[in-house]
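See structure below.
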Amino acid sequence: MIESLRYPFFMPMSPVNTRLYSHPEDLPVLIEFLRTTRPAAWINEYPRVADLREAMGRPSIREKTGLWFTKQGKLEAFAYVLDPYNNLVFEFSPDMGLEIEQGIVNWALTCAIHSVENSIDKQIHSLVAIGGGAASDLWCHILADVTGKNICIPENAEASGLGAAIAAAVGSGWYASFQEAANAMTRIHRKIKPKSDNYKKYQELFPIYKKLYPCLKSATDRVL
């Protein structure tokens, strides 16, 4: 089996504090954040308060829930992995900074990569970026540095339309299998490699970060 899941969703030298959902008192904080952050017109969008209560009632979700706070202890964002398909649910303050955005990306990718690596019992060396995010060099460089994986940019990054076309091609008999159709109809345009210094910094600081929360937990509880 691949090494057990770690949660390096902190940001090196970040002005925000990050930690896992750790006790029942976190739930009211998340609910209040949801109610005060969302515009009234969106209050019934998923996740609603009832959805949040249900999700945090499941240990498998609680252990994959990250919280981001300002140095003053104000909650700025939370994110959790909803299901075995690694669908990520997140909510954030409108004035959220780039460091929290990077942290949420790191969180989602860490959980997803771990899940896939364990299911195939192999390590992943490259990831393929799709959708609108594939058009942003900054975004793809963040993904590469956070994961330590090569980020491959396909010629056609619109995966939903391409997938439908591949399915239609196989169904029409143009190709004998999905694998054959995918090989023929997809191409990698370019590859973004992680910057070793950035990735190394994440790895160097993570063991230090892991020791911080147990030391600061009592102080954090008093602040919150």
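Bear in mind these aren't lab numbers, they're just calculated from the coordinates by the rules spelled out. These numbers were taken from a predicted model, which means no experiment stands behind them. As a convention, Cβ positions derive from the backbone with ideal geometry for all residues, glycine included, and neighbour counts pool all protein chains shown.
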Fill in the blank from the handout: Amide H proximity to Leu127 below 5 Å, modelled H, separation 5+ or other chain, gives Asn150, Ile151, Cys152
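Go through 118-124, 24-30 and give me the packing order, highest mean Cβ count within 10 Å leading.
Numbers: 118-124: 11.1, 24-30: 14.4.
Going by the mean number of other Cβ atoms within 10 Å, highest first, we get 24-30, 118-124.
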Handout entry: Residues Thr18, Thr110, Thr36 arranged by fewest to most Cβ contacts within 10 Å
Key = Thr36, Thr110, Thr18
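Shape of region 28-76 from its Cα gyration tensor (a ≥ b ≥ c, root eigenvalues): rounded if a/c is under 1.5, otherwise prolate when a/b > b/c, or oblate? Mind dumping the intermediate values first?
On the way: a/c = 2.45, a/b = 1.02, b/c = 2.39.
Oblate.
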Problem - Rounded Å value of the spacing that divides the Cα centres of region 133-166 and region 71-91 - result: 22 Å
